[in-house]
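The values are calculated or read from the model by the stated rules, or taken from the named source; none is laboratory data. Nothing here was measured: the structure is a model prediction, and the numbers come from that model. Here Cβ is always computed from backbone atoms with ideal geometry, including for glycine, and neighbour counts include all displayed protein chains. When the accessible area is computed, the model is the full protein with side chains, heavy atoms only, and any ligands, DNA or RNA have been set aside. Shrake-Rupley method; radii C 1.70, N 1.55, O 1.52, S 1.80 Å.
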Amino acid sequence: MDKLNQAIEHMKKQNFEEATKLFTETIEENPDDPVGYINFGNLLVHVNEWERAERFFNRAIELDEQAATAYYGLGNVYYEQENYTKAQNQFLLAIEKGLEEADVHFMLGMTLVHQEYMKLALPYLLRASELEPKDIDIQFQYGLCLAQTGQIEEAEETMKTVLQLEENHSDAHYNLGVVALHKEDAGLALEHFNKALECNGDHTLAAHAKAQIEQALSGE
């Protein structure tokens, strides 16, 4: 295994010191190869060294303007700093340069969600959900975005998909409870809110919604 792959393996195992040493050696031996800079940038993102990570990704782009994963890395740097507009631009560039993975579509969608552009976020979250149908977080965020754009039936089906992947997903149960309330089915809503609280006793939104339903039912 070459040094680069060894470094990546160390990074996966969170052996950051050893990974840093090997990435540094890789860059010293291949200073004109953008791959080393991109991987070192990814490591720096892991340890929250945003400014250094940004420099490494920019260096990779200087060496190869088509290095799609460098733009993706920059997007992550800006996203983690909550600079969603700059992150959005970098994720778009990554896709334009040919990156076609669920993560980049998901992250682009989430930058738009954070900017409250739900309708613009939807196609990217849909694409991510198609590319990674078993990713719980992707499916949940897609379902949430569907609900926030008024597509209640589709949101309900997507939340059910989330529960097929993780039956104790408290937020999926909560959102299915909200859908049931929307359909004026208080009994089903109560079931989902109770289930959300079984999965997570600290789910304050579910507790509040449950209390409201029980108060309404007792007043009938």
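Some notes on this structure:
- Charge dipole (debye, nearest 20) of the stretch 99-138; +1 at Cβ of Lys and Arg, -1 at Cβ of Asp and Glu: 200 debye
- Debye equation applied to the C-alpha atoms of the stretch 1-119, log10 I(q)/I(0) at 0.14, 0.23 Å⁻¹: -0.57, -1.27
- Packing-based order for 201-214, 115-128, using average beta carbon neighbours within 10 Å, highest first: 115-128, 201-214
- Convex hull (Cα only) mean projected area of the stretch 89-210, reported in nm² to one decimal: 7.4 nm²
- Top positive-direction residue, dipole computed over the stretch 13-127 with Cβ charges, set Thr111, Tyr71, Ile95: Thr111
- Dividing the alpha-carbon radius of gyration of the stretch 48-97 by the rule-of-thumb value 2.2 N^0.38 Å gives 1.01.
- Using alpha-carbon coordinates, inclination of helix 102-114 to the longest axis of the chain, degrees: 60 degrees
- Using only side-chain charges placed at the Cβ, +1 for Lys and Arg and -1 for Asp and Glu, the dipole size of the chain relative to its Cα centre rounds to 260 debye.
- Oblate is the label for the stretch 1-51, because a/c, from the alpha-carbon gyration tensor with a ≥ b ≥ c as root eigenvalues, is 1.5 or above and a/b does not exceed b/c.
- D (Stokes-Einstein, µm²/s), Kirkwood Cα radius, the stretch 114-163, 0.692 mPa s at 37 °C: 312 µm²/s
- Note on the chain: GNM, Cα springs under 10 Å; of Glu54, Glu153, Glu100, the largest mean-square fluctuation is that of Glu153.
- Average Cα contact separation per residue, the chain, under 8 Å, 6 or more apart, as relative contact order %: 8 percent
- Apolar share of the accessible surface for the stretch 42-116: 40 percent from carbon plus sulfur atoms, 1.4 Å probe.
- Flagged links, alpha-carbon separation over 24 Å, of Lys160/Lys195; Lys160/Lys210; Lys183/Lys210; Lys12/Lys86; Lys86/Lys134; Lys119/Lys195: Lys12/Lys86; Lys86/Lys134; Lys119/Lys195
- Probe 1.4 Å, protein heavy atoms only - accessible area per residue of the chain in square angstrom: 55 Å²
- Cα lying deepest toward the dipole's positive end in the stretch 75-220, options Asn194, Leu144, Val178, charges on Cβ: Leu144
- The stretch 91-138 - Debye-derived log10 I(q)/I(0), Cα point model, q = 0.16, 0.17, 0.28 Å⁻¹: -0.37, -0.42, -1.02
- At 1.567 mPa s and 4 °C, Stokes diffusion of the chain via Kirkwood alpha-carbon radius, µm² per second: 67 µm²/s
- The charge dipole of the stretch 28-75, taken about its Cα centre with unit charges on the Cβ atoms of Lys, Arg (+1), Asp and Glu (-1) only, comes to about 220 debye.
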